[in-house]
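Asker: Please read through the structure below; I'll follow up with questions.
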């Protein structure tokens, strides 16, 4: 059975691109792909008249972004109805041109706007934490001990709708290959950036003979 196409991203004044609009993407699948490729985001909010941007981990479902509790989330709980902007960015390469002016970065970036809600339902909180954990380390949720009631009560989890989001993707070589600087005889091109997981480093407190689980070993050398 053919897969049902994802709806287009809903536009708003905040998500309307005003610069490099050709890099914008409107397919919801593009947002899904950017979010699926990472687990670290930056949460920006204005609190007490001052901006604050905090890095935190996230987990994404088809329509919701779950954000782990932090100083920012506790502040947001104290200031309900605060609009946030969450960004997720992946750097793919440096674009090195013949002139410094034409240098740039190839990237994939998503921005999500909205008013997050604090997850208070115990069942949803547990599911949200599972989504968040599996986003960062697939397989770890079923391997490690899950949070008990006391730990759940001490954890803040925010849920943010994906209804208002934008995606920008920049790709390709330098743009001065057909300009006057092409005659300089200088090298130009892309310098790719690849991030891969290294060998697991065991906790010094581990007793001898406890191996890394297969789902962790399987990630070595992968991005």
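Each reported figure results from applying straightforward, stated rules to the coordinates on display, with no laboratory input. The structure displayed is predicted, hence computed values, not measured ones. A quick note on method: Cβ atoms are made from the backbone with ideal geometry, for glycine too, and the neighbour counts reach across all protein chains shown.
Asker: Write down, largest first, the equivalent ellipsoid semi-axes of the range 21-217 in whole Å, where each equals the square root of 5 times an eigenvalue of the alpha-carbon gyration tensor.
Answerer: Semi-axes from the Cα gyration tensor: 37, 25, 14 Å.
Asker: Oh, and also: Quick check: the angle from helix 122-136's long axis to the longest principal axis of the chain, C-alpha only, nearest 10 degrees?
Answerer: Roughly 40 degrees, rounded to the nearest 10.
Asker: Jot down the per residue volume, in cubic angstrom and as a whole number, of the convex hull over the alpha-carbon atoms of the range 86-194.
Answerer: 139 Å³
Asker: Given labels modelled 7 Å from the Cα in the Cβ direction, how far is it in nm from residue 127 to residue 57?
Answerer: Each label point is offset 7 Å from its Cα along the Cβ direction, giving 2.1 nm.
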